[in-house]
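For reference, the structure is listed below as C-alpha cells.
The values are calculated or read from the model by the stated rules, or taken from the named source; none is laboratory data. As the structure is a prediction and not an experimental result, all values here were calculated from the model. Cβ placement follows ideal geometry from the backbone for every residue including glycine, while neighbour counts extend to all protein chains displayed.
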Amino acid sequence: MAQVLPAGVELLAPISSEFSTILTPAALGFVATLHRAFNGRRQELLSARAQRQERLDAGEEPVFLDATQAIRTSDWTISPLPPALKCRRVEITGPVERKMIINALNSGADSYMADFEDSNTPTWQNQIQGQINIFDAVRRQLDFTNESGKRYTLNEKVATLLLRPRGWHLDEKHIHVDGERVSAGLFDFGLSFFHNAREQLARGFGPYYYLPKLESHHEARLWNDVFLLAQKELGLPVGTIKATVLLETILAAFEMDEILYELREHSAGLNAGRWDYIFSAIKKFRKRPGFCLANRAAITMEVPFMRSYALLLVKTCHRRGAPAIGGMSALIPIKGDQAANERAMNGVRHDKARDARDGFDGGWVAHPGLVDIAMHEFKQVLGDRPNQWDRQRDDQIQASDLLAFQPEQPITEAGVRNNVNVGIHYLGSWLSGNGCVPIHNLMEDAATAEISRSQVWQWISSSKGVLDDGRKVDVSLVRTLISEELPKVKQAAGVTGDLAQTYDQAAVIFEQMSRAQQLPDFLTTALYETLP
C-alpha cells in the first residue's frame, strides 16, 4: 500500500491496509528521530562490547568498577513507582500473538510481559501484527476467534501490561533511515510508545517496559536518554516511562547499582533472567582456562554462581527501593500423566518458594496454568503485602562469588543428546516462525537454543569436555547424536514435507555453530537474515 514516507525513511517490506494503521508517517518519523539521535551511540556501545570480549578472551577478570564506587556506597533510591507496578508477585510472559496476549492478560497474573524478543520469531509479519495486537489490547478491543469458532475476549480485570523490545544488538532490516538499518529495539519501543503511551496514561496505567541483554550501565544510560527524548517529543512528564532491566548478562551483574542509578527516574527494578545469564557466562568466559559447566539440568539457581547473582540482585534492588523480580520457571502443566505433572508442579512450587524466601517480590511463569501455584507461594511469604521492598539483605557478595562456576560435572551423553535435541527442535520452530515452543514439558525461547549450542561448543572446545564414561565430546560424537536426534525431533514436532526441510536446515545450523572456531555471539543475529 503506497504512502508518503518521512524524508530519509525507506521501507523494504510490504504494508497492508492493516499494517498502515501502525506504520503511519508520523510514527515512522518518530522512529527516525530516535534513530538519528541514538544509533551512533548504540554502534559505539556494540563496539565496546566486542573490545571487552577481546580483553576477557585475553584473561581479564570482571570487577566492581572503581570509577562508580560512589554510586554503590552512597544512599539513593529510584523514583516512586505507580500503583500498577507495586504488586508484581506473579508475572506471565509470552510472544505478542493475539490469542496468547488475551490468555496472558486474563490469566490472573499481576503483570504480563508482551515479548517482541526471545519468545518471538522476528518476521515482519510477527513484529507488525504484534504491534497491532498491543494497540488493540491497550484499548481493550482485542479479540480472537479460532478455526472452530471459539471466541476469546479480554476480562474486565486484566494483568498490567509491560513490553519487551528487542536488544541493542539487533537491527530491523525492513526499515532504513538515511541509508542505515534502524535499531530493532528503537523500532519496537518507538512504535509502541508513539501509539499507546497517552492511551495507557488515560486508562490509569502507563508505558511500561522490560529492557533485555544490557551488559553495562552505559547501555542503561542510552535507554534512559531514549526515554527522555521520547517523553519530550510527545509532551509527557519525565518519569512517565517505567522500565525493568532483565539482569541476564554476567557483566551486568557487576553493575547492578549503576544500572538502577542510570535509570533511576524511569526504573522499575531488576529481573533475574536466569537462562540467558547462563548462556552469557559461557559466552563471556569461553576462553577462560579450565572453564567448563556441567549438563544444563545441573545448573540450577542453587549452584554457587547463580545463587550469588540472585541474592545480590535482591540486596541491590531493595536497598534502592526497587522491585526484585525472580526468573522464569519454564515448567508447564503435563496432560495425561498425573505423576509427571505433579513432579513438574512441585518444581514450580520449589522455585517460587525459594525466590519468595530469598526476598524476591515476584517471579515469572510461562503458562496460565501456573499462575495460581506461583501466587500461592509468594502469598505464603508476603501475606497481603504487595511486595517485600522493606526486606534488606546483608549478604557480602564478592566478585569471586559471581565467578564461582560450578558444577563442572556431570557431563553425560544424555546431557549432550538433550542439548542437541532441544537445540534443533527450537531452531526448527524459530525458523518456521514460532519462537515460543513447548519441548519436553518445558516452555522454551531463544535462550534455550543459545545454552544448548554454546554448551556443546564449550564441551568440544574444552579439555574438560569429557563424558562421565571417559569419552571426549568431539565433532564426531555430536554429528552422530544429531543424526540420531533429528528424526526424533521431527516426530515430536509432527513435521513433514517442506516443513521437515526446515528442521534439516536447523540441524545443519546447529552442527555448524557447535564446531565453529569462534563461538557466535547470538544465533538470532545471523539467522534473522533468513527470515521474511
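Here is how the numbers come out for the structure above:
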item: Filter result for F405 (not β-branched (V, I, T) and not assigned by TED's automatic domain parsing to the domain that holds I92); result: yes
item: Qualifying residue in the stretch 497-516 (condition: among the small types (G, A, S), within 26 Å of I278 (Cα to Cα) and surrounded by fewer than 18 Cβ atoms within 10 Å (Cβ to Cβ)); result: yes
item: Residue list for the stretch 92-104, restricted to those being hydrophobic (A, V, I, L, M, F, W, C) and within 17 Å of Q129 (Cβ to Cβ); result: V96, M100, I101, I102, A104
item: Identity of the residue in the stretch 32-49, more than 21 Å from E258 (Cα to Cα) and among the aliphatic types (A, V, I, L, M), that ends up surrounded by the fewest Cβ atoms within 10 Å (Cβ to Cβ); result: A37
item: Subset of the stretch 258-273 (residues that are buried (at least 24 other Cβ atoms within 10 Å of the Cβ) and either assigned to a helix (DSSP H, G or I) or among the hydroxyl-bearing types (S, T, Y) (or both)); result: I259, L260, E262, S267
item: Hits in the stretch 491-532 - residues which are part of a loop (DSSP other than H, G, I, E, B) and free of Cβ contacts under 8 Å to residues at least 12 places away in the same chain; result: G494, T496, Q517, Q518, P520
item: Matching entry among E302, E377 (being in contact (Cβ under 8 Å) with a residue 24 or more places away in the chain, on the phi < 0 side of the Ramachandran plot and more than 23 Å from the chain's Cα centre (by Cα)); result: E377
